Amino acid sequence: MRGSDRQTGSMFSYVSSEALVPADHPLRAMRLLLNAALERLSGDFDALCAAGGRDSIAPEKLLRALLLQAICAVRSARRLIELVTYIMLFRWFIGLSMDAPVWDVTVFT
């Protein structure tokens, strides 16, 4: 096998999604503002969440996803979930790791 035909490196990447988003991307500034707003609401979210029961999705992540839906004019929750599955920038904005499972569309109903 010739050198140019061999695969080099590993199947896994250790680059964070943070490093892949350009420093001047408009969503960076928006994310900073959103982080501050959600931090102020954190206590309210904690009070609303049940202490027991099954695991739930953090309300902050759901709100981030809905904000992306509005900003990017995504027509439906089903399409939003599809885009979050494939678009690294959306995962970064929401706070999902690259290998985290994406929610079922019914979380928005």
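Odds and ends about this structure:
- Taking residues in region 13-27 that are assigned to a loop (DSSP other than H, G, I, E, B), and partners anywhere that are at pLDDT 90 or above and of a type in the set (Lys, Arg), the pairs with Cβ atoms closer than 7 Å and at least 6 places apart or on different chains are 21/28.
- Selection over region 85-100 of residues that are under 15 Å from residue 60 (Cα atoms) and in a helix (DSSP H, G or I) gives a count of 5.
- Evaluation of residue 73 against the conditions (1) in a loop (DSSP other than H, G, I, E, B); (2) without any contact (Cβ under 8 Å) to a residue 24 or more places away in the chain; (3) on the phi < 0 side of the Ramachandran plot shows that the sole unmet condition is (3).
- Scanning region 73-89 for residues that are surrounded by 14 or more Cβ atoms within 10 Å (Cβ to Cβ), modelled with pLDDT under 95 and of a type outside the set (A, V, I, L, M) yields a total of 0.
- Lone qualifier among 36, 29, 58, 47 - being farther than 21 Å from residue 97 by Cβ and either modelled with pLDDT under 90 or in contact with a Pro (Cβ under 8 Å, 6 or more places away or on another chain) (or both): 47
The values are calculated or read from the model by the stated rules, or taken from the named source; none is laboratory data. Remember, it's a predicted structure, so these values are computed and weren't measured experimentally. Glycine gets a Cβ as well: all are built from the backbone with ideal geometry, and neighbour counts include every protein chain shown.
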